[in-house]
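Just below is one structure, and these are the notes that go with it.
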C-alpha cells in the first residue's frame with residue numbers, strides 16, 4: 001500500500017525515510033572525506049558530490065514533509081507515556097528542522113565562498129548570499145554545529161527504535177521497515 005494508515009507507514013513514506021537515511025550516511029562520509037582530503041581534483045569532486053547530495057537531501061526532506069502533510073500519521077504506540085509521546089514529537093520535529101537547516105547552511109557557505117557550483121556537475125545552483133568571508137565562516141560554524149546536532153538526533157532516533165523493538169516489543173520499528181506493516 002502506497003499511503004499511510006492509522007497503524008502503519010505506507011510504501012512512499014518508508015521509501016523516503018530510508019532514502020533520506022542512506023543519503024545522510026553518504027553525506028557524512030563525503031563531508032568528512034572532502035574536508036580531510038589533500039588539495040587535489042579529488043577533493044574538489046568530493047565537495048561537488050557533498051554539495052549536490054546536500055541539495056538532494058533538502059529536496060527529499062521537503063517531499064517527505066509534503067507527503068506526511070497529505071497523509072494520515074500512524075498513531076504512536078498505545079502504551080507510550082505522555083513524556084515519551086512529547087519526546088517522540090520533539091525529536092521528529094528537531095530531525096526535520098536540522099535536515100532542512102543543514103543543507104541551507106551549506107548552501108550559504110558555498111554561496112558566500114563565491115565559488116560557482118553545478119549540482120552533480122550539471123545543474124547551475126544560484127548563490128543565496130553574496131560573497132562574504134565572515135558569513136562563510138559563521139555559516140561553516142553553524143553547519144558543523146548542525147552536524148553534531150544531527151548526529152545526536154540520529155543516535156537518539158535509532159536508540160528509541162531499538163528500544164521499542166527489543167525492550168518494549170511493540171511494532172514501532174517494524175512498521176517502518178520495507179515490506180512490513182504494523183498492527184492492522
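Taken together, the values in this text are just the output of simple stated rules run on the coordinates, not laboratory data. Just so it is clear, the model here is predicted, and its values are computed rather than measured. Cβ sites come from the backbone with ideal geometry, for glycine too, and all protein chains shown count toward neighbours.
Residues checked against (1) farther than 18 Å from residue 16 by Cα; (2) part of a helix (DSSP H, G or I); (3) without any contact (Cβ under 8 Å) to a residue 60 or more places away in the chain:
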residue: 60; (1), (2), (3): no, yes, yes
residue: 78; (1), (2), (3): yes, no, yes
residue: 103; (1), (2), (3): no, yes, yes
residue: 106; (1), (2), (3): yes, yes, yes
residue: 111; (1), (2), (3): yes, yes, yes
residue: 129; (1), (2), (3): yes, no, yes
residue: 137; (1), (2), (3): yes, yes, yes
residue: 141; (1), (2), (3): yes, yes, yes
residue: 149; (1), (2), (3): yes, yes, yes
_Among the listed residues 55, 25, 65, 46, identify the single one that is surrounded by fewer than 18 Cβ atoms within 10 Å (Cβ to Cβ), part of a helix (DSSP H, G or I) and touching a helix residue (DSSP H, G or I) at 6+ places or on another chain (Cβ under 7 Å)._
65
*Specify the residue that is farthest from residue 50 (Cα to Cα); the eligible residues are those in region 114-127 that are touching a residue at least 24 places away in the same chain (Cβ under 8 Å) and touching a strand residue (DSSP E or B) at 6+ places or on another chain (Cβ under 8 Å).*
125
